[in-house]
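Worksheet: one structure, shown below.
The values are calculated or read from the model by the stated rules, or taken from the named source; none is laboratory data. If you're wondering where the values come from, they're calculated on a predicted model, not measured in any experiment. Quick reminder, even Gly has a Cβ in these numbers, built from the backbone with ideal geometry, and neighbours come from all protein chains shown. Surface accessibility is based on the protein's heavy atoms, side chains included, excluding ligands, DNA and RNA. Shrake-Rupley method; radii C 1.70, N 1.55, O 1.52, S 1.80 Å.
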Amino acid sequence: MIRVSEKKYVLMEQEEVYNGNVYHQVKAVKTFKTIEGETVKAGTLGGFIQDESCLSQDGRCWVDKYSHVMAGSIVKDDALLSYSFIEGNSCICDKSNLDEVYVSGTYIGGNSGLTYANIDGKGLRLINVDVYDTNLEINGEITLVNCRFARD
């Protein structure tokens with residue numbers, strides 16, 4: 001169990017309703033650096049999560065103030081979300097960096113970098129994958145490793 005003094009963030013009391021779901025904004029309670037080298041200072045307001053299970057207290061993971069993570073999904077390790085929406089029991093982990101991305105039902109790990117993308121894949125696993133400006137919809141138990149996807 002993590003003691004309050006060891007926490008990286010706390011949930012704010014105010015609620016935001018988005019698409020019919022209730023979210024709480026996170027607030028950093030200690031200073032740390034993201035994988036992009038940006039400093040998140042204690043007191044910085046971050047994104048919105050449904051509960052503490054959505055964002056790990058460990059590592060350098062963070063969700064910016066324009067991101068939402070739905071219950072059942074998790075952001076952990078050193079993953080970073082900017083302007084993104086995560087749902088559908090997704091896992092965003094390792095050193096993944098998502099910017100303006102919608103993700104549903106997908107595991108994203110390794111050094112994946114996703115920008116301007118919609119990823120909808122029940123059972124889809126992306127590891128060390130770069131996706132830019134595309135809609136990727138794959139259903140089934142599929143793992144993609146070391147791939148690049150971009151709009152033509």
Residues of type lysines that Lys8 reaches as a straight line, Cα spacing below 27 Å, ignoring anything fewer than 8 places off in the same chain = Lys27, Lys30, Lys33, Lys41, Lys65, Lys76, Lys95
Of the peptides 69-78, 8-17, how do they stack up when ordered by the mean number of other Cβ atoms within 10 Å, highest first?
-> 69-78, 8-17
Roughly speaking, to the nearest percent, how much of the chain's 1.4 Å accessible area is carbon and sulfur?
-> 45 percent
Find out how many positive minus negative residues lie around Lys41, taking Lys and Arg as positive, Asp and Glu as negative, among other residues whose Cβ is under 13 Å from that of Lys41.
-> +3
Listed peptides 40-51, 79-90 by packing density, highest first (mean Cβ within 10 Å) = 79-90, 40-51
Listed by chain and number, the aspartates and glutamates with an alpha carbon less than 18 angstrom from that of Lys122, same-chain partners under 8 positions apart left out, are Glu87, Glu137, Glu141
Around Gly140, with a cut-off of 14 angstrom between Cβ atoms, what is the net charge of the other residues, counting Lys and Arg +1 and Asp and Glu -1?
-> -1
Counting other Cβ atoms within 10 Å of each Cβ, which trypsin sites (Lys or Arg not before Pro) in segment 87-152 have at most 15 and sit in a DSSP loop?
-> Arg151
With no solvent and one point per C-alpha, what does the Debye sum give as log10 I(q)/I(0) for segment 83-147 at q = 0.15, 0.28 Å⁻¹?
-> -0.34, -1.38
Please report, largest first and rounded to whole Å, the three semi-axes of the ellipsoid equivalent to the chain, where each semi-axis is the square root of five times an eigenvalue of the C-alpha gyration tensor.
-> 25, 16, 13
